[in-house]
Amino acid sequence: MESREAKSLDLIVKVAERCNIACTYCYFFFGGDESHKFHPPYVNEETAAEIEAFLDRITADGAVENLMIYFHGGEPMMAPKPVIARIARAARRLSESGRVADLGLSMQTNGMLVNDAWIRFCADLGIGVGVSLDGNEAANDRFRIDKKGRGTYRRAVQGFRRLAGENGAGIDLHPGLLSVIDPEGDGARRLEHFSGEIGAQRMNFLHPDGGHDQGIAPAQVAGVENFMLGVFRAWVRRRDSGLRVRFIKDLLDTLLSDEGARTCPDSARRLSRILTISSNGMLGAEDTARTLDARFRDIGHVRDFDSVAQIFATPALVEMQQAAATPPAACAACPWWGTCRGGTFTNRYSAQNGFDNPSVYCDALKAFFEEVSAWLVRGGIPVEDIERRLILAGSAPEAVLGAARAEPEPLRA
Ligand code: SF4
């Protein structure tokens with residue numbers, strides 16, 4: 001039987017291809033893909049209608065059980081509400097009719113434009129909201145600046161707090177925080193700040209973009225490792241408060257249950273089934289992968305496709321599905337492959353080898369996996385259970401068992 005993930009589809013809809021701020025690391029505006037300059041600033045009514053018809057066509061054959069739509073930008077709160085509402089309502093109808101079993105709607109915002117009208121709008125349509133923030137004021141304002149070069153921290157935190165209930169509408173949307181890892185930053189302090197001072201209960205930390213052609217320095221990899229371990233150690237201290245950190249939860253789901261481990265290949269497959277819809281209606285691969293090479297963007301207009309199968313048969317998406325399922329040569333003998341999957345697509349990529357590389361942050365990932373598994377073993381989880389789950393997740397048995405036999409650390413704490 002096909003898993004739910006095998007029938008999943010995640011759509012990142014670029015409702016706005018403009019932004020009201022100018023974060024220095026932004027992959028969308030400064031990552032080398034200049035196509036946004038030639039696209040409409042916002043999805044218009046005509047394109048929204050085409051997206052609505054597209055959703056109807058591609059779900060008609062039952063190929064999408066699990067649909068997630070992210071309203072994205074640029075800054076999505078710059079887009080006209082009616083076009084977002086039109087797409088959201090079309091998706092809701094598919095869910096209510098039973099054609100799509102699971103539907104999620106989400107928006108990722110910089111928080112600057114949050115007001116009561118947006119809060120009511122998201123609440124009415126069932127759109128979850130995440131706010132991007134990179135730490136305390138000093139850390140955030142190094143990179144997340146507006147077009148006049150001013151820091152955005154205070155306005156973003158104000159937006160987060162409004163979303164979390166400090167608004168005239170009396171609504172708590174339970175927003176999450178999304179943050180990019182700063183190799184020079186302190187992960188523990190960032191988590192403490194988000195949880196203790198801002199009051200966030202859900203958060204995630206992303207690896208900086210960049211692959212093997214970007215010359216990521218060893219010091220940067222070491223910085224990412226320190227940051228990840230800092231987040232993990234701070235989470236351990238606060239874990240009883242119900243604090244959820246996505247990248248830690250994903251690993252624990254794998255290492256703590258056979259069922260969680262078995263879903264790893266499907267979760268990886270789901271990552272290769274993310275599509276981006278530009279404001280002009282053109283489809284591309286997952287948003288950050290679109291910056292890697294022109295072949296990952298503009299694979300066709302939504303009006304050109306009648307089925308999910310047709311979309312995922314296009315060469316660029318076949319390449320990404322193969323990458324999700326196949327370990328790079330350097331990862332084949334790694335005990336962590338099942339859960340790691342070589343890192344993100346962008347961190348794996350090089351022009352010469354495509355996705356046949358380990359993550360540029362491989363050493364940081366290994367250190368994180370090793371520390372978490374050692375912590376679990378110290379807490380009483382049998383090392384044999386962890387080994388079995390890594391194999392269930394897709395790691396080669398000889399890699400997992402061999403690592404444990406030859407070198408007791410890290411699998412045996
Ligand atoms: S830890 Fe490194 S070698 Fe292992 S799967 Fe991840 S990227 Fe590949």
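If Lys and Arg each add +1 and Asp and Glu each add -1, what is the summed charge of the other residues whose beta carbon sits under 10 Å from the beta carbon of residue 21?
+3
Please return the longest range in the chain lying between exposed loop sites, taking GluC sites (Glu not before Pro), DSSP loop only, at most 16 other beta-carbon atoms within 10 Å, and leaving the sites out.
That would be 185-413.
Top to bottom by accessible area (1.4 Å), largest first, where do 356, 240 land?
Descending accessible area places them as 240, 356.
More than 21 Å apart: what percent of Cα pairs in region 10-133 qualify?
40
Residue 388: net charge of surrounding residues, Cβ under 13 Å, Lys/Arg +1, Asp/Glu -1, itself excluded?
-3
Local charge sum around residue 109 (other residues, Cβ-Cβ under 13 Å, Lys/Arg +1, Asp/Glu -1)?
Summing Lys and Arg as +1 and Asp and Glu as -1 gives +2.
On a 30 Å Cα-Cα criterion, which of the cross-link pairs 148/249; 81/147; 14/249; 14/148 come out too long?
From 148/249; 81/147; 14/249; 14/148, over 30 Å: 148/249.
What whole-number value in Å² describes the accessible area per residue of region 278-318 for a 1.4 Å probe?
34
If each DSSP helix of 4+ residues adds -39,500 (n - 2.57) and the sum is divided by the residues in the chain, what number results at 222 nm, nearest 500 deg cm²/dmol?
-12500 deg cm²/dmol
Quick check on the chain: of the DSSP beta bridges with both residues there, what percent are antiparallel, nearest 5%?
Expressed as a percentage, antiparallel bridges in the chain total about 20.
So what is the relative contact order of the chain, in percent, for Cα pairs below 8 Å that sit 6 or more residues apart?
Answer for the chain is 17 percent.
Using just the Cα positions, wrap the chain in a convex hull and report its mean projected area in square nanometres, one decimal place.
Averaged projected area of the chain's Cα convex hull equals 19.4 nm².
The values are calculated or read from the model by the stated rules, or taken from the named source; none is laboratory data. Computed from a predicted model, the values in this text were never measured in an experiment. Neighbour counts run over all protein chains shown; Cβ positions are idealised from the backbone, glycine included. Only protein heavy atoms, including side chains, enter the accessible area calculation; ligands, DNA and RNA are left aside. Shrake-Rupley method; radii C 1.70, N 1.55, O 1.52, S 1.80 Å.
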